1. Between Ala83, Ala122, Ala72, which is within 22 Å of Val15 (Cβ to Cβ), touching a residue at least 24 places away in the same chain (Cβ under 8 Å) and not basic (Lys, Arg)?
2. All but one of (1) modelled with pLDDT under 95; (2) within 19 Å of Asp113 (Cβ to Cβ) hold for Met19; state the number of the condition that does not hold.
3. May I ask you to list the residues in segment 103-121 that are crowded, with 19+ Cβ neighbours inside 10 Å and either in contact with a Lys or Arg (Cβ under 7 Å, 6 or more places away or on another chain) or more than 17 Å from Lys2 (Cα to Cα) (or both)?
4. Do you know which residues across segment 38-60 are under 18 Å from Gly70 (Cβ atoms), in contact (Cβ under 8 Å) with a residue 40 or more places away in the chain and not hydroxyl-bearing (Ser, Thr, Tyr)?
5. Here are some residues: Leu20, Leu37. Which one is within 25 Å of Glu125 (Cα to Cα), part of a helix (DSSP H, G or I) and in contact with a strand residue (DSSP E or B) (Cβ under 7 Å, 6 or more places away or on another chain)?
Amino acid sequence: MKVLFIEDDRMNRRVVKDMLDVAGAVMTEAESAEEGLELLDANQYDILLVDLRMPGMDGMTAIRHIRARGDAKAQVPVIVVTADTAPDLREQCLEAGADDVLFKPVAMEALFDSMGRVLAKAAGEGGFIR
């Protein structure tokens, strides 16, 4: 499984990479939303993990860009990974096109459960899963 994690904090990327390594997933790191969008243009990913609060373009805007694409990559599953706890944040993320929202610090079980649900849903809808 190929995962793209768009997150500006190196330590957060490292923690999630260590978790994904346990499952045998290959994670590509992007330090900004702009870099993440460029990587998505050039590569295929099974799932995207996206932080919300980043310098430059924020994660919510990046998700909207992804969903507005005119190709199959517009359907790649997206899970928001955030420390933000605003009361209506989950609804805002889902409205922007995210498939799920996880709050930091992320536990391995929560990450794998979310990824499993999101990927199963995408496969059941004839979505992005190859």
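1. Ala83
2. Going through (1) modelled with pLDDT under 95; (2) within 19 Å of Asp113 (Cβ to Cβ) one by one, Met19 breaks only (1).
3. Val106
4. Asn43, Gln44, Leu48
5. Leu20
The values are calculated or read from the model by the stated rules, or taken from the named source; none is laboratory data. All of these numbers come straight from a predicted model, not from anything done at the bench. Every residue, glycine among them, receives a Cβ derived from its backbone with ideal geometry; neighbour counts consider all protein chains shown.
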